[in-house]
Amino acid sequence: MKPSREPPYWLLFGAGGMLAALVGPGLAWLIAFGPPLDSARVHAFARHPLGKAFLFAVVALFLWHAAHRLYHTIHDFGWKRGEAEWLLCYGVAAMASAAAALALVAIGF
């Protein structure tokens with residue numbers, strides 16, 4: 001039996017789905033109906049280590065959730081999934097997560 005590489009991706013998919021369900025509506029409500037966001041306060045939040053962790057978790061886990069859902073949707077459309085599709089879906093999520101991490105580090109502490 002060939003070992004599967006799916007468990008880590010299911011873990012990231014599940015964590016991203018849970019975060020999207022629990023935090024996503026609150027973020028949408030805050031942005032849509034909350035007080036106007038002051039760029040200085042947002043920047044201060046992004047500079048704080050806990051703010052960085054929260055922002056990275058939201059961005060990265062949402063991306064991994066979307067990548068996993070897209071990868072399995074390819075199969076639902078009847079397309080054959082191969083290495084290229086796997087690399088495209090998960091590679092984009094990995095590169096975008098790395099870009100988010102680099103952007104958060106570039107903001108400074």
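Identify the chymotrypsin sites (Phe, Trp or Tyr not before Pro) of the stretch 1-78 meeting these criteria: DSSP loop state and at most 14 other C-beta atoms within 10 Å of the C-beta. Before the final figure, lay out each step's value.
On the way: sites: Tyr9, Trp10, Phe13, Trp29, Phe33, Phe45, Phe54, Phe56, Phe62, Trp64, Tyr71, Phe77; in loops: Phe77.
The qualifying sites are Phe77.
R0 = 22 Å: FRET efficiency of Leu70 with Met18, Cβ-based, nearest 0.05?
Working: r = 18 Å, r/R0 = 0.83.
It comes to 0.75.
Counting other C-beta atoms within 10 Å, and keeping those with at most 11, which DSSP coil trypsin sites (Lys or Arg not before Pro) do you find in the stretch 58-93?
Lys80
With the crude spin-label approximation of a point 7 Å out along Cα→Cβ, what separation in nm comes out for Trp10 versus Glu83?
The answer from the label model is 2.4 nm.
When all C-alpha to C-alpha distances in the stretch 6-107 are sorted into bins of 5 Å, what percent of pairs does each bin hold, rounded to whole numbers?
2, 12, 17, 20, 19, 13, 8, 5, 3, 1
Quick check on the chain: helices-only [θ] at 222 nm, where DSSP H runs of length 4 and up contribute -39,500 (n - 2.57) each and the sum goes over total residues. Nearest 500, please.
Working: 5 runs with 89 residues, N = 109.
Only helices count here, giving -27500 deg cm²/dmol.
List the DSSP H helices in the chain whose Cα atoms stretch 30 Å or more along the helix axis and whose mean Kyte-Doolittle hydropathy is at least 0.5.
Helices passing the filter in the chain: 49-76, 83-107.
How big is the stretch 43-100 along each principal axis, measuring the range of its Cα positions in Å and listing the largest first?
Sorted from largest, the Cα extents of the stretch 43-100 read 47, 16, 12 Å.
Here, each number is a calculation from the coordinates, and none is a lab measurement. Given the structure is predicted, the values throughout are model-derived calculations rather than measurements. Glycine gets a Cβ as well: all are built from the backbone with ideal geometry, and neighbour counts include every protein chain shown.
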